[in-house]
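Undergrad: Before anything else, here's the structure in question.
The values are calculated or read from the model by the stated rules, or taken from the named source; none is laboratory data. Keep in mind that what you see is a predicted model, and the values were worked out from it rather than measured. We place every Cβ from the backbone using ideal geometry, glycine too, and count neighbours over all the protein chains shown. Quick note on the areas: whole protein, heavy atoms, side chains included, nothing else; ligands and nucleic acids left out. Shrake-Rupley method; radii C 1.70, N 1.55, O 1.52, S 1.80 Å.
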Amino acid sequence: MEFPAASPSLSLHLPPNFVGKPKPPFQLQILGNNNASFWCKTLCTQTPLSASNLHSTSFSVSRACTCVDESEQEPVDLNNSKYWIHFVGIGGCGLSALAMLALKQGYEVSGSDIAWSSFMDGLQEAGARIYIGHSVSNIQRAKNSTLPNAVVVSSAIPQDNVEILYGNSVGVPVYKRDCWLEKLTQCFNLIAVSGTHGKSTTASMLAYVLHAMGDDLTAVVGAHVPQFGGKNVMLGGSQTFVLEADEYDGSFLKLSPYISVVTNLEWEHVDIFKDEEALKNTFRRFLNQIRKGGHLILCGDSQGACSLLNHNKQATESDASICTMSIPSVELCDSDSYKITSYGITSSNEWQASSICPNSEGGSDYTLNHWGFPVADISIQIPGVHNVLNSLAVIATVVAFTNDERKLYDTITLLRLHLKNFIGISRRFEMIGSIYGCQMCDDYAHHPTEVRAVLQAARQRFPFKALLVVFQPHTYSRLAALKDEFATALSDADQVVVTAVYDCRETNIWNVSGRELAASIIGPQSDYIPSLEGVVDKLVLQICKEPHRDIVVLTLGAGDITTVGPKLLNELKERS
């Protein structure tokens with residue numbers, strides 16, 4: 001049965017045995033008490049919530065989170081907006097978002113880091129005191145002896161940091177990021193978006209869509225989102241909290257999500273996890289944190305993600321096969337279980353994308369199927385098959401969250417509309433500018449799978465342009481472990497420039513460099529240029545020799561490679 005639609009590109013095809021006539025305007029069925037305060041006055045236990053008590057926000061009092069020094073601390077009353085919170089490592093994508101959230105809530109915020117980052121610009125503009133370098137003086141007011149009410153520490157900061165040691169010595173509660181996230185989210189209906197790749201885009205897309213559908217939610221992600229007002233947080237008054245849940249250092253293990261999303265899983269953060277099995281074990285622990293009566297949204301095309309179910313006691317009822325991926329979307333028999341929904345491009349998934357093709361917006365169009373039935377035509381304006389998967393994760397999550405089959409028609413209608421309007425996030429295939437025949441793009445890709453995905457998206461977006469990739473390896477440990485995979489992924493480019501390693505938090509005990517990576521790339525011309533200034537100089541000369549050649553300069557990496565595109569564009573404009 002086909003329902004009328006606003007335009008041919010947004011046609012719905014809901015099967016008659018799934019939904020009846022179109023329903024009245026959609027209303028989100030928000031779980032929880034909408035009158036509850038944003039901050040809980042006490043720390044709460046991680047006792048799972050059953051389906052019958054999801055409307056309650058009454059929890060028993062637990063001890064404070066384990067601090068960096070593993071001492072017992074009194075909990076901070078986060079209802080007191082006069083409190084001062086200091087963030088150590090404030091320039092990182094994770095901690096900067098928590099600092100911005102505290103600023104939006106009205107707290108006094110300060111923070112320190114070893115170098116300036118783009119995240120600090122917005123924090124300083126919003127009123128945070130930012131310090132470059134770590135010092136006891138950063139957590140002392142000049143005119144008196146007042147100290148912060150809490151110190152929050154990034155996972156990347158060593159425990160012998162001078163600000164942490166001083167805070168502990170004078171009795172200031174010190175919280176690692178995982179403990180702070182637990183405090184922030186435990187009284188909410190938390191949707192935690194996890195996975196090796198795609199977390200930021202999926203979490204941002206999900207928050208944008210839910211907000212556009214009428215949920216006044218709170219969201220925290222690890223990237224600037226233009227549709228969040230250019231920030232990396234969204235502050236609202238409902239009981240919904242969308243969080244990018246990071247596996248680094250196990251920081252998501254204190255969360256208690258109502259819905260968990262796993263976009264994919266493969267070996268990453270090799271400085272933390274010795275192998276893929278160690279990473280999988282951490283994710284299995286994360287899945288065990290899902291609240292009773294909750295939901296797991298999982299990419300059925302990811303072998304690593306599917307393998308989690310085989311060892312997870314709460315989700316082994318279906319004994320899902322990694323290869324065939326047949327997972328029921330029904331509540332399991334065990335009283336401690338949760339529902340499971342799969343999505344992907346293969347037909348065995350509950351939510352599936354078929355007939356994927358490029359569209360005029362530079363993104364993708366596809367047919368959305370539910371258990372094999374075509375349901376709707378979906379259009380997104382961000383390129384790449386990986387973003388089709390990200391949008392499927394959002395669709396599956398919103399349907400699970402609203403949890404009302406009678407309103408499915410309205411849910412899908414609004415999903416189609418708002419997915420089409422999502423424009424993406426910073427450093428994810430971000431257009432920097434163009435001059436002559438040269439288009440410059442920047443992306444955060446720093447893992448071989450991400451590199452392959454970005455190059456596929458670039459071929460889709462610019463099918464007739466040559467791809468010149470400038471890649472900055474991020475951490476020696478990752479390059480040493482995945483050098484061959486990087487070389488294979490980069491071989492899909494037409495020309496490659498590899499820079500020196502961005503040596504974040506590491507020394508080079510592996511005796512590896514970008515030179516070895518450049519030499520191992522087979523196919524395209526590959527050069528090793530260690531300094532970013534040298535890269536800009538080389539590309540300026542090369543492009544000026546052939547100014548009208550159709551070319552895409554794609555800068556990739558999680559370090560300061562993002563500065564190359566704007567500098568290159570300015571140099572070329574000065575010479576034009």
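Undergrad: Taking the range 341-377, which residues are among the small types (Gly, Ala, Ser), under 13 Å from Gly300 (Cα atoms) and either in contact (Cβ under 8 Å) with a residue 40 or more places away in the chain or out of contact with any Gly (no Cβ under 9 Å at 6 or more places or on another chain) (or both)? Step through it out loud before you land on a result.
TA: So the first thing to find is which residues in the range 341-377 are among the small types (Gly, Ala, Ser), and the list is 342, 344, 347-348, 353-355, 360, 362-364, 372, 376.
If we keep only those that are under 13 Å from Gly300 (Cα atoms) too, we end up with 342, 344, 347-348, 353.
Hits for the range 341-377 are Ser342, Gly344, Ser348.
Undergrad: Can you say whether Arg416 is over 30 Å from Lys339 (Cα atoms), within 22 Å of the chain's Cα centre (by Cα), basic (Lys, Arg) and open to solvent by less than 20 Å² (accessible area, probe 1.4 Å), as far as the supplied structure shows?
TA: Working: over 30 Å from Lys339 (Cα atoms): no; within 22 Å of the chain's Cα centre (by Cα): yes; basic (Lys, Arg): yes; open to solvent by less than 20 Å² (accessible area, probe 1.4 Å): yes.
The answer is no for Arg416.
Undergrad: Something else about it: Among the numbered criteria (1) in contact (Cβ under 8 Å) with a residue 24 or more places away in the chain; (2) in contact with a helix residue (DSSP H, G or I) (Cβ under 7 Å, 6 or more places away or on another chain); (3) farther than 28 Å from Thr402 by Cα, which single criterion is violated by Gly198?
TA: Only one criterion in (1) in contact (Cβ under 8 Å) with a residue 24 or more places away in the chain; (2) in contact with a helix residue (DSSP H, G or I) (Cβ under 7 Å, 6 or more places away or on another chain); (3) farther than 28 Å from Thr402 by Cα is unmet by Gly198, namely (3).
Undergrad: Hey, can you tell me all the residues within the range 204-219 that are open to solvent by 10 Å² or more (accessible area, probe 1.4 Å) and of a type outside the set (Asp, Glu)? Break it down stepwise before answering.
TA: Residues of the range 204-219 open to solvent by 10 Å² or more (accessible area, probe 1.4 Å): 208, 211-214, 216.
Matches in the range 204-219: Tyr208, His211, Ala212, Met213, Gly214.
Undergrad: Continuing with this model, one more query. With the checklist (1) closer than 29 Å to Ala192 by Cβ; (2) without any contact (Cβ under 8 Å) to a residue 40 or more places away in the chain in hand, flag the one item Met100 doesn't pass.
TA: (2)
Undergrad: Out of all the residues in the range 419-443, which are in contact with a His (Cβ under 7 Å, 6 or more places away or on another chain) and surrounded by fewer than 17 Cβ atoms within 10 Å (Cβ to Cβ)?
TA: If the condition is that a residue be in contact with a His (Cβ under 7 Å, 6 or more places away or on another chain) and surrounded by fewer than 17 Cβ atoms within 10 Å (Cβ to Cβ), then Tyr436, Gly437 are the ones that fit.
Undergrad: I've got another one for you. Going by the structure shown, is Leu572 farther than 23 Å from Tyr444 by Cβ, open to solvent by less than 30 Å² (accessible area, probe 1.4 Å) and touching a residue at least 40 places away in the same chain (Cβ under 8 Å)?
TA: Against the criterion (farther than 23 Å from Tyr444 by Cβ, open to solvent by less than 30 Å² (accessible area, probe 1.4 Å) and touching a residue at least 40 places away in the same chain (Cβ under 8 Å)), Leu572 qualifies.
For (1) of a type in the set (Lys, Arg); (2) within 17 Å of the chain's Cα centre (by Cα); (3) over 17 Å from Ala102 (Cβ atoms), each residue gets a yes or a no:
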residue: Gly167; (1), (2), (3): no, no, no
residue: Leu184; (1), (2), (3): no, no, no
residue: Gly198; (1), (2), (3): no, yes, yes
residue: Thr201; (1), (2), (3): no, yes, yes
residue: Val221; (1), (2), (3): no, yes, no
residue: Asn232; (1), (2), (3): no, yes, no
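Undergrad: Please go through the range 346-366 and pick out each residue that is open to solvent by 70 Å² or more (accessible area, probe 1.4 Å) and outside any loop (DSSP other than H, G, I, E, B). It would help to see each step written out before you state the result.
TA: Within the range 346-366, the first condition is being open to solvent by 70 Å² or more (accessible area, probe 1.4 Å), and the residues that meet it are 347, 355, 358, 360-361.
The answer is Ser355, Pro358.
Undergrad: Further, regarding this structure: Check whether at least one residue in the range 272-294 is among the aliphatic types (A, V, I, L, M), in contact with a strand residue (DSSP E or B) (Cβ under 6 Å, 6 or more places away or on another chain) and within 23 Å of Val388 (Cβ to Cβ), and report yes or no.
TA: No, the conditions are met nowhere in the range 272-294.
Undergrad: When the residues of the range 441-468 are filtered to those that are over 23 Å from the mean Cα position of the chain (by Cα) and among the aliphatic types (A, V, I, L, M), which remaining residue is farthest from Gly557 (Cα to Cα)?
TA: Ala466
Undergrad: Among all residue pairs at least 6 apart or on different chains, which show Cβ distances below 6 Å where the first residue, located in the range 232-251, is open to solvent by 20 Å² or more (accessible area, probe 1.4 Å) and the second is part of a strand (DSSP E or B)?
TA: So the pair list comes out as Met234/Ala219; Leu235/Thr218; Glu244/Val193.
Undergrad: Right, here's the next one. Among the numbered criteria (1) in a loop (DSSP other than H, G, I, E, B); (2) surrounded by fewer than 21 Cβ atoms within 10 Å (Cβ to Cβ); (3) out of contact with any Pro (no Cβ under 8 Å at 6 or more places or on another chain), which one does Ala558 miss?
TA: For Ala558, the exception is condition (2).
Undergrad: Among the residues that make up the range 485-500, is at least one of them among the aliphatic types (A, V, I, L, M), open to solvent by 10 Å² or more (accessible area, probe 1.4 Å), at pLDDT below 95 and under 22 Å from Pro566 (Cβ atoms)?
TA: No, the conditions are met nowhere in the range 485-500.
Undergrad: Right, Ile382: open to solvent by 10 Å² or more (accessible area, probe 1.4 Å), under 30 Å from Leu568 (Cβ atoms), modelled with pLDDT under 95 and of a type in the set (Val, Ile, Thr) or not? Steps first, answer last, please.
TA: On the way: open to solvent by 10 Å² or more (accessible area, probe 1.4 Å): yes; under 30 Å from Leu568 (Cβ atoms): yes; modelled with pLDDT under 95: no; of a type in the set (Val, Ile, Thr): yes.
Spelling it out, it is not the case that Ile382 is open to solvent by 10 Å² or more (accessible area, probe 1.4 Å), under 30 Å from Leu568 (Cβ atoms), modelled with pLDDT under 95 and of a type in the set (Val, Ile, Thr).
Residue by residue, here is whether (1) loosely packed, with under 15 Cβ neighbours inside 10 Å; (2) at pLDDT 90 or above; (3) β-branched (Val, Ile, Thr) holds:
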| residue | (1), (2), (3) |
| --- | --- |
| Arg63 | yes, no, no |
| Val76 | no, no, yes |
| Ser81 | yes, no, no |
| Ile90 | no, yes, yes |
| Ala99 | no, yes, no |
| Glu108 | no, yes, no |
| Ser112 | no, yes, no |
| Gln124 | yes, yes, no |
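Undergrad: Residues in the range 149-160: is at least one polar (S, T, N, Q), closer than 13 Å to Ser112 by Cα and under 33 Å from the mean Cα position of the chain (by Cα)? Before the answer, list the steps.
TA: Start the filter on the range 149-160 by keeping residues that are polar (S, T, N, Q), which leaves 149, 154-155, 159.
From what is left, the residues that are closer than 13 Å to Ser112 by Cα are 154.
This time we only want the ones that are under 33 Å from the mean Cα position of the chain (by Cα), so: 154.
Yes.
Undergrad: Go through the range 380-402 and count every residue that is within 13 Å of Ile191 (Cβ to Cβ) and either in contact with a Cys (Cβ under 7 Å, 6 or more places away or on another chain) or in contact (Cβ under 8 Å) with a residue 60 or more places away in the chain (or both).
TA: Here is the first cut: in the range 380-402, the ones within 13 Å of Ile191 (Cβ to Cβ) are 393-394, 396-402.
If we keep only those that are either in contact with a Cys (Cβ under 7 Å, 6 or more places away or on another chain) or in contact (Cβ under 8 Å) with a residue 60 or more places away in the chain (or both) too, we end up with 393-394, 396-398, 400-402.
Here the count works out to 8.
Yes/no per residue for (1) at pLDDT below 90; (2) open to solvent by 20 Å² or more (accessible area, probe 1.4 Å):
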| position | (1), (2) |
| --- | --- |
| Asn264 | no, yes |
| Gly293 | no, no |
| Asn312 | yes, no |
| Asp334 | yes, yes |
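Undergrad: Residues of the range 130-159 being loosely packed, with under 15 Cβ neighbours inside 10 Å, farther than 30 Å from Ile272 by Cα and modelled with pLDDT of 90 or more, which ones?
TA: Ser137
Undergrad: Please list, ordered by residue number, the helices (runs of 4 or more DSSP H) wholly in the range 434-543 having 2 or more residues that are among the polar types (S, T, N, Q). Even if it seems obvious, please write down each step before you answer.
TA: Values: elements: 448-461, 476-490, 514-520.
Once the helices (runs of 4 or more DSSP H) in the range 434-543 are filtered for at least 2 residues that are among the polar types (S, T, N, Q), what remains is 448-461, 476-490.
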